[in-house]
Amino acid sequence: MRGLTRAGKRASEMAFNAGGGTINWFPGHMAAASRAIRDRLKLADLVIEVRDARDYFLATDETYDQIPLSSANEDLQPVLAAKRRILALNKKDLANPNIMNMWVDHFQSCKQDCISLNAHSSNSINQLLGLVELKLREAILKEPTLLVMVVGVPNVGKSALINSIHRIANSRFPVNDKIKRATVGPLPGVTQDIAGYKIASQLSIYVLDTPGVLVPSIPDMETGLKLALTGAVKDLVVGEERIAKYLLSLLNIRKTPLHWGRLLHRREEFDEEPDDNCEKGSSGSLRRRRHFNNSDALYVQDLVIEVQRTLCSTAMEFTGNLDEDNELESLIDSQLVALRKVFRIPHKPLDESHGPASKKLLTLFRSGKLGPFILDDLPDQH
């Protein structure tokens with residue numbers, strides 16, 4: 001298993017990354033946002049740090065002691081650690097629940113409050129708010145008004161979380177109790193009006209209505225590509241084709257497509273099923289695939305199955321050595337060519353790029369349609 005745990009590092013060092021040019025991971029305005037958040041953190045009595053649950057499945061032995069490396073700002077960790085803090089591992093619906101629970105147990109064993117959640121689930125949000133009230137019950141005896149701030153790197157679900165909190169806050173209080181502003185101050189005699197939502201009926205606790213954006217620490221290509229794969233780094237910065245090749249590298253190194261072999265047999269059975277709308281013996285009497293459905297959901301499901309079948313069949317037909325980077329890249333190129341047909345992307349003469357197919361593949365992966373992946377093993381506990 002040791003070789004598998006370094007899948008991410010090997011994939012990040014392949015030639016398609018070296019040949020893709022230098023990456024400026026974040027534009028200048030992100031640095032300004034990082035400076036601004038330090039001032040706002042001074043106002044917060046408790047911080048909800050939102051992280052993408054999937055990043056923990058990208059962790060390796062070498063980064064475990066520094067977790068979270070992918071979805072956190074390393075420079076601000078001392079500031080955040082000094083605050084009352086709850087780690088909210090969002091998008092748990094896209095993660096393997098068994099491994100997710102192990103990560104929650106790990107953080108709690110380190111005396112760090114942690115909860116896994118789905119920012120769109122009322123049940124998840126109520127559990128989170130209950131934990132917030134519990135953490136602040138002692139502090140409310142010293143301060144009349146307490147402020148909670150939601151922070152996190154881009155695309156981890158901060159705004160979705162705040163919107164859900166707002167919805168629940170509106171349902172908890174009568175119209176005349178929906179106070180939208182809390183007057184707070186970091187220093188005696190200095191106050192600021194901060195827009196927020198009251199979340200507790202007995203305690204005067206507010207959640208800021210604007211999240212704080214953390215700039216992730218990216219010490220190497222591997223960490224950057226992990227963030228790009230989950231959408232925390234804009235695709236235009238890295239390049240969709242490069243990200244898609246990184247994803248396919250990870251899947252092929254771990255032999256994930258071979259686990260979809262059962263779908264090949266299902267396609268054979270489906271292809272042989274007669275079509276009632278065609279005359280027997282006609283050229284259209286075999287339904288090779290339902291290209292369209294009355295339901296968009298069914299069409300997407302058909303598309304996902306066809307993508308999995310294609311990746312599986314190309315992997316099974318591959319006769320090269322996956323331990324050799326150049327042969328692995330050859331398999332990846334053949335898979336992207338095959339996916340063009342699945343996604344029905346017209347072939348253009350002299351166009352060897354895989355941009356459109358890469359974009360569609362990444363959309364399926366990020367939405368969880370391809371399944372909850374564990375891209376690296378949970379390290380042994382010491």
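The values are calculated or read from the model by the stated rules, or taken from the named source; none is laboratory data. All of these numbers come straight from a predicted model, not from anything done at the bench. Glycine gets a Cβ as well: all are built from the backbone with ideal geometry, and neighbour counts include every protein chain shown. Heads up: the accessible areas ignore ligands, DNA and RNA and are worked out on the full protein's heavy atoms, side chains in. Shrake-Rupley method; radii C 1.70, N 1.55, O 1.52, S 1.80 Å.
Give the peptides 155-164, 123-132, 221-230 in descending order of average Cβ contacts within 10 Å, highest first.
Values: 155-164: 21.0, 123-132: 17.2, 221-230: 24.5.
Ranking the peptides 155-164, 123-132, 221-230 by packing returns 221-230, 155-164, 123-132.
Taking 0.36 nm per residue of sequence separation and subtracting the Cα-Cα distance, how much length would be gained by fully extending the chain between Ser204 and Asp333, in nm to one decimal?
Numbers: separation 129, 0.36 × 129 = 46.44 nm, distance 5.75 nm.
Length gained, Ser204 through Asp333: 40.7 nm.
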Mind grabbing the accessible area of Arg172 for me, 1.4 Å probe, Å², rounded to tens?
90
For the pairs Lys83/Lys142; Lys9/Lys369; Lys92/Lys359, flag any whose C-alpha to C-alpha distance is greater than 20 Å.
Lys9/Lys369; Lys92/Lys359
Heavy-atom accessible area of Met102 with all protein chains present, probe 1.4 Å, nearest 10 Å²?
90
I want to check the label-to-label distance for His347 and Lys83. Put each point 7 Å from Cα in the C-beta direction and report it in nm to one decimal.
5.5
What's the extension gain from Asn126 to Lys234 if we count 0.36 nm per residue and subtract their Cα-Cα distance?
35.8 nm
Between His259 and Arg340, what FRET efficiency comes out of the Förster formula 1/(1 + (r/R0)^6) with R0 = 25 Å and r the beta carbon distance, rounded to 0.05?
0.60
Probe radius 1.4 Å, ligands and nucleic acids left out: which of Thr363, Thr256 has the largest accessible area, and how do the rest follow?
Thr363, Thr256
If you take every residue apart from Gly130 with its C-beta less than 14 Å away from the C-beta of Gly130, what net charge results, scoring Lys and Arg +1 and Asp and Glu -1?
+1
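Would you kindly state how much longer the chain becomes between Glu317 and Ala36 on full extension, computed as 0.36 nm times their sequence separation minus their alpha carbon distance, in nm to one decimal? Present the calculation step by step, with values, prior to reporting the outcome.
On the way: separation 281, 0.36 × 281 = 101.16 nm, distance 5.33 nm.
Answer, rounded to one decimal: 95.8 nm.
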